Structure formats: structure tokens, C-alpha cells
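The values are calculated or read from the model by the stated rules, or taken from the named source; none is laboratory data. Since the model is a prediction, treat every value here as computed from it, not as a measurement. Note: accessible area is taken over every heavy atom of the protein model, side chains too, but ligands, DNA and RNA are not part of it. Shrake-Rupley method; radii C 1.70, N 1.55, O 1.52, S 1.80 Å.
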Amino acid sequence: MFGRIGNLLKAFLNIFVSSVERQNPEALLQLEKENLRKQIGNFNQGLASHAGLAERLMGQVRKLEADQNDLRAKASAHLKAGNKSAAGQYALRLQTVERELAENRRQLEQAETTYQNMVKARDVAISSARAKMESLRGAIADMRMNSAMAEMHEMAAGMIGEIGGGGDTLNRLHEMVEEERQKSAGRARVAKDSIDMTDINIKESEMNALADQALADFAAREGLALEGAPAAAPAPRAMGGASEGAAEKN
């Protein structure tokens, strides 16, 4: 029972941690960077230890080379002097030094090869890790951008839905306005039809007749002809005027 409860708690904890990691990928990436720095530091310490071993082998090789030259010179000198016993001792020591020198040279070569391989492996691992981190950084930035774009699209879709949802209100408002407009137009028509135009038309006819009479009188006085009216007859001459004309003729 306790084991099952423990497994359940671990499952919930894993879910919680996974959720936090998904919400904070930048923090997880930063943590991996710190881990990479620590790993590089530890690897460099091991690499330094191996380099120290190679340096010690190199020092031993130089010392054995010096011993080899010294023993060779002494053995040759004693041999030339006829001291075979001493020459033999130096020759024997020279063989031992040469065997150690050959072994140290082999070890030094292996150590140098291993050191170069370790350096190469470190550089490749670092380059690969950095490339992955740069890729992750770009992916995280792209994810954030896509998330922001998704939120904007969702917000825009919600706004469009809200705007579309207000269409019923706009339709009702349009119907109300149209109904009031029609009522106002009906009232205006009723008011117009209720006006009594009889007296107004009679007054208008009287005014037109008076105007026509006044214009006819004016034309008659001035001796002008009106279009559409009969020409006026010339006025008759007076009798007195005719008698005076006859007398003047006599």
C-alpha cells in the first residue's frame, strides 16, 4: 500500500515537474548550459591530469636519452682504453636504459594520442551541445512567437464572434429606426392631406386675375401689345378737332 502511494506521489510530482518545464523552457535551457559548463570543467580537469602524465613521461624520456648518451660515451671510452670489464658494465646498463627509453617513448606516444583524441572529443561534444542549445533557443523563440500568434488569432476570433453576436441588436435597432421613420412619414402625410387648399387656391386665382388686369391696363396706356391678347383699336378723334382742321384748310 505504501509503495503504491509512493508511486502515485512520484507520478504526480513528475506531472508537476513536466508542466513547470513546459511552461519555462528557457529556465531548463539555462540549467543545461550550467550543467554543460560543469561537465566541461570536470573534463578539463581530467584532461589536465592526463596532460601532466604526458609531461612526466616526456621528462623521463629526456632523462633516459641523456643517460643513454652518457652510458654510450662511457662504454665506448672504456672499450677504447682496453678496460673491457668496465665497458661491459656500462654496456649492460645501457641496454636497460634503452629498454626503458623505448617503453617510455611508446607510453608517451600513446599518451599524446589519447590526449589529442580527448581534446578532439571535448571540442566535438561542446560544439554539438552548443549547436543543440542554439537550435533549442531558436525553437523556443519560434514556439513563443507561434504561441503569441495563436493567442492573437484566438483573441481576434473572439472579437469577430462578439462583433457577429451583436448583429441581432443591430437588426433590432434597424427595425426600430425604420418603424419610427415610417411612422413619422405617415404623420407628415396625414398632416399634409388635412390642409384645406380651397381658400388658398381662390386667393391665388384672384391675385393672378388682378395681376393680369393691371398688366392689360398698363399695356393699353403705353400702346403695347401683349402676347396672346387681341390688339387694341385706335382711339376715335374728337369732333371739335375735325372742325378746327376744316376751318384751317379754308
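So the values come out like this:
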read-out	value
Residue-normalised accessible area of the stretch 27-149, expressed per residue, 1.4 Å probe, Å²	69
Percent carbon-and-sulfur accessible area, the stretch 43-129, ignoring ligands, DNA and RNA, probe 1.4 Å	54
Extended-chain gain in nm, criterion 0.36 nm per residue less alpha-carbon gap, Met58 and Asn117	19.4 nm
Nearest-10 value in Å² for the accessible area of Met58, using the 1.4 Å probe	60
Heavy atoms of Arg172 accessible to a 1.4 Å probe, total area in Å² rounded to 10	130
Rounded to whole Hz, the Karplus (6.51, -1.76, 1.60) HN-Hα couplings of the stretch 42-51, x for glycine and proline	5, 5, 5, 5, x, 5, 5, 4, 5, 5
